[in-house]
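Each remark here refers to the structure printed beneath this line.
The values are calculated or read from the model by the stated rules, or taken from the named source; none is laboratory data. Everything numeric in this text was worked out from a predicted model, so none of it was measured. Note that we place each Cβ from the backbone using ideal geometry, even for glycine, and neighbour counts take in every protein chain shown. Calculation scope for accessible area: heavy atoms of the full protein, side chains included, ligands and nucleic acids excluded. Shrake-Rupley method; radii C 1.70, N 1.55, O 1.52, S 1.80 Å.
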Amino acid sequence: MPFRSHRYSLGARLFLSAAICCALVLLLAGFGLTTFYRRSAERGFDERLSVYVKELIADLAAPPETERQAIGDLGEPRFDLPLSGWYWQIIRLDGERPTIRASRSLVGGQLPKLLDQPIAPNARGLRESYISGPDDRSLRILEREIDVGEDGRFTVAVAAPSDEIDADIRDFRLALTMTFLLLGLALVASTIAQVRFGLRPLVRLGAAVGMVRTGEKPRIIGQYPPDLAPLAGELNQLIDANHEILDRARTQVGNLAHALKTPLSVMLNEAEADGGEGQLPQTVKSQAAIMRDQVQYYLDRARAAALSGALGGVTEVAPALDALIRTFTKISQGRGIAGSHGVPARVRFRGEKQDFEEMLGNLLDNAFKWAKATVEVSLAAPEEGKPGQIVLLIDDDGPGLPEEALADVLKRGRRLDEATPGSGLGLSIVVDLAKLYGGELSLQRSPLGGLRACLVLPSV
């Protein structure tokens, strides 16, 4: 079953998981710090209010009646400004009618009593809460109940606007947000660096596997962390096993070829023993030759199918072409045919040298067989969107073929000329070998006037 690539890479998954975790931690930390700071700001504000509460209690506890006339002189002008938000209030609880004394800022209004609400006093005996003031402003209020003996029981309350607390919290939240944003950016940068550094050995291992696949290296080499070293070792063992299987396949194919060729040769020799005359010897000779060609064809195809899955098979195109063109030039020396190629030295075929020579040998054989004077091999640009391809063009100046016959001759067993000896399997072998490597062969009219074979193969 083929692997399907996930839309997120390993690095992206690590980065996203780290980023999400960091964001959650920062959000929770921000919420916790803001809550802690709000409580701290409230305690600081309450400390200020509790000072005024203590002064009012001290005034109530003063024995001389003349000193009590100065209750509420707290030294804070805002208690005298109407509806300033700063208020104090004293209520006597044990009289027939509650006596209320308040700051001038209340202008005849009244603060609610926390004593009547389900608010428990703290360790210092103070009740604290938020209320709505006379002008609907949010107020922070502190209230304490005291008993001054014969003078009675009182509740003393001091209230002030909670805007100061809210402003302090807003400033803190803004500073915290900016700090956490900078911290988040630093964490993102460090996460990217960690992911890159952590995955670098895996990238090197992938590159090493690619070099083995393209034939640049025979095995995976290099040092890897303890987590990846066993994987590199297993891959090397897999590469060795692949080579062993291919070596056994080559040996078995070779043995089968020898085992079949020997009886066929005996049959042909026996048919020609008495001069090869008669219907039976001729039939045996022709059918044995067909059997020999068919056996060779399918043996070559089986060998190519095994080799096409090999790891690391790479062939230099230019040197192989040099050798093939030299060979066919010598064979056709009496006809004066010149062969040449313009393939750069950097071009490499991703496959076995034997298969490349088999394909180009058959194509050059046909080209030299039908050419009048010239055979040329050139390199064409691959199709758009297919950069990993070699496009070889084999041209000759022979008689060529009609347009309607170009596709027909690629069928197995069809020959360029029925009068010419041969099985007609050469081009079919090229077609099958090219398909095994993911390539193709097509025939066209050549600019030289003859036939052009266009062979597309994978490149490195």
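Among residues of the stretch 341-378 being open to solvent by 50 Å² or more (accessible area, probe 1.4 Å), in contact with a strand residue (DSSP E or B) (Cβ under 6 Å, 6 or more places away or on another chain) and part of a loop (DSSP other than H, G, I, E, B), the one that is farthest from Pro458 (Cα to Cα) is Gly342.
Going by the conditions given, is Asn255 out of contact with any Ser or Thr (no Cβ under 6 Å at 6 or more places or on another chain), under 28 Å from Arg348 (Cβ atoms), part of a helix (DSSP H, G or I) and of a type in the set (S, T, N, Q)? It would help to see each step written out before you state the result.
Numbers: out of contact with any Ser or Thr (no Cβ under 6 Å at 6 or more places or on another chain): yes; under 28 Å from Arg348 (Cβ atoms): no; part of a helix (DSSP H, G or I): yes; of a type in the set (S, T, N, Q): yes.
Against the criterion (out of contact with any Ser or Thr (no Cβ under 6 Å at 6 or more places or on another chain), under 28 Å from Arg348 (Cβ atoms), part of a helix (DSSP H, G or I) and of a type in the set (S, T, N, Q)), Asn255 does not qualify.
For the structure I just gave you, tell me whether Arg173 is surrounded by fewer than 15 Cβ atoms within 10 Å (Cβ to Cβ) and either in contact with a helix residue (DSSP H, G or I) (Cβ under 8 Å, 6 or more places away or on another chain) or modelled with pLDDT under 90 (or both).
On the way: surrounded by fewer than 15 Cβ atoms within 10 Å (Cβ to Cβ): no; either in contact with a helix residue (DSSP H, G or I) (Cβ under 8 Å, 6 or more places away or on another chain) or modelled with pLDDT under 90 (or both): yes.
Answer is no for this residue.
The residue that is nearest to the chain's Cα centre (by Cα), among those in the stretch 319-340 that are open to solvent by less than 50 Å² (accessible area, probe 1.4 Å) and under 10 Å from Val377 (Cβ atoms), is Leu321.
Scanning the stretch 139-156 for residues that are in a strand (DSSP E or B) and surrounded by 14 or more Cβ atoms within 10 Å (Cβ to Cβ) returns Leu139, Arg140, Ile141, Leu142, Glu143, Arg144, Glu145, Ile146, Arg153, Phe154, Thr155, Val156. Within the stretch 85-130, the set of residues being among the β-branched types (Val, Ile, Thr) and either in contact with a Pro (Cβ under 8 Å, 6 or more places away or on another chain) or in a helix (DSSP H, G or I) (or both) comprises Ile91, Val107.
Within the stretch 25-53, residues that are in contact (Cβ under 8 Å) with a residue 60 or more places away in the chain and farther than 21 Å from Ser129 by Cβ have Cβ atoms under 8 Å from residues that are of a type in the set (S, T, N, Q) and surrounded by fewer than 16 Cβ atoms within 10 Å (Cβ to Cβ) in these pairs: Gly30/Thr177, counting only partners at least 6 apart in sequence or on another chain. Against the list (1) open to solvent by less than 50 Å² (accessible area, probe 1.4 Å); (2) modelled with pLDDT of 80 or more; (3) not acidic (Asp, Glu), the condition Pro399 fails is (1).
With respect to (1) hydroxyl-bearing (Ser, Thr, Tyr); (2) more than 30 Å from Thr99 (Cα to Cα); (3) touching a residue at least 60 places away in the same chain (Cβ under 8 Å), the lone exception for Thr155 is condition (2).
Looking only at residues in the stretch 129-138 that are under 18 Å from Asp116 (Cα atoms) and under 56 Å from the mean Cα position of the chain (by Cα), the one that is most open to solvent (accessible area, probe 1.4 Å) is Tyr130. Kindly indicate whether any position in the stretch 83-91 is in contact with a strand residue (DSSP E or B) (Cβ under 9 Å, 6 or more places away or on another chain) and surrounded by fewer than 18 Cβ atoms within 10 Å (Cβ to Cβ). No, the conditions are met nowhere in the stretch 83-91.
When Ala318 is tested against (1) small (Gly, Ala, Ser); (2) at pLDDT 85 or above; (3) within 27 Å of Lys261 (Cβ to Cβ), only condition (3) is not met. Among the residues of the stretch 94-109, those identified as closer than 22 Å to Asp151 by Cβ, open to solvent by 30 Å² or more (accessible area, probe 1.4 Å) and modelled with pLDDT of 85 or more are Arg101, Ala102.
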